[in-house]
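One structure below.
The values are calculated or read from the model by the stated rules, or taken from the named source; none is laboratory data. Because the structure is a prediction, the values reported are computed rather than measured. Here the Cβ is made from the backbone with ideal geometry for all residues, glycine too, and neighbour counts use every protein chain on show.
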Amino acid sequence: MNTLMNLNHLFLLFAQPQSQSGAEGQGGGGMVQMLIFFVLIIVVFYFFMIRPQKKKQQQMQNFRDALDKGDHIVTIGGIHGKIVSKDDATFTIEVADGVKLKIDKAAVAVDANTTSRKKEEK
């Protein structure tokens with residue numbers, strides 16, 4: 001919240017109209033202020049939106065790479081299954097006796113073993 005208030009004060013500082021004599025004396029100082037403002041906005045977007053998203057994607061990638069044969073998973077479509085084989089980009093999961101599905105690694109949402117343990121702890 002403080003960051004948002006500080007940005008608001010910064011915006012108000014840059015948005016103040018300049019007097020006619022001040023504008024002639026600065027010779028493009030308004031452009032520098034606007035450039036600084038846009039750079040600050042980009043930095044804020046990076047630290048509050050882009051960087052956390054990249055970190056979350058990396059954690060999910062590490063999680064999917066760590067899954068191995070025998071792990072119980074839930075796909076993004078809600079299908080529960082057990083991993084029976086693993087390739088570079090896909091898993092083959094068994095959802096019932098003799099019923100196997102080949103899915104992309106990106107389709108794995110959670111580890112069913114971990115979620116069931118969390119429910120038991122509550």
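Among the residues that make up segment 57-66, is at least one of them assigned to a strand (DSSP E or B), surrounded by 10 or more Cβ atoms within 10 Å (Cβ to Cβ) and either modelled with pLDDT under 95 or of a type outside the set (Val, Ile, Thr) (or both)?
No, the conditions are met nowhere in segment 57-66.
What is the residue count in segment 76-87 for residues that are farther than 13 Å from ASN113 by Cα and out of contact with any Leu (no Cβ under 8 Å at 6 or more places or on another chain)?
Here is the first cut: in segment 76-87, the residues farther than 13 Å from ASN113 by Cα are 76-79, 84-87.
From the residues that got through so far, the ones that are out of contact with any Leu (no Cβ under 8 Å at 6 or more places or on another chain) too are 76-78, 84-85, 87.
Result for segment 76-87: 6.
For the condition of a type in the set (A, V, I, L, M) and at pLDDT 95 or above, what is the one hit in VAL32, VAL99? Outline the logic, then answer.
Numbers: VAL32 fails: at pLDDT 95 or above.
Result of the check over VAL32, VAL99: VAL99.
Are any of the residues in segment 92-104 assigned to a loop (DSSP other than H, G, I, E, B), over 22 Å from the mean Cα position of the chain (by Cα) and not aliphatic (A, V, I, L, M)?
To start, the set of residues in segment 92-104 that are assigned to a loop (DSSP other than H, G, I, E, B) comprises 97-98.
Filter once more, so that each one left must be over 22 Å from the mean Cα position of the chain (by Cα): 97-98.
Restricting the remaining residues to those that are not aliphatic (A, V, I, L, M) gives 97-98.
Scanning segment 92-104, I find at least one residue that is assigned to a loop (DSSP other than H, G, I, E, B), over 22 Å from the mean Cα position of the chain (by Cα) and not aliphatic (A, V, I, L, M), so the answer is yes.
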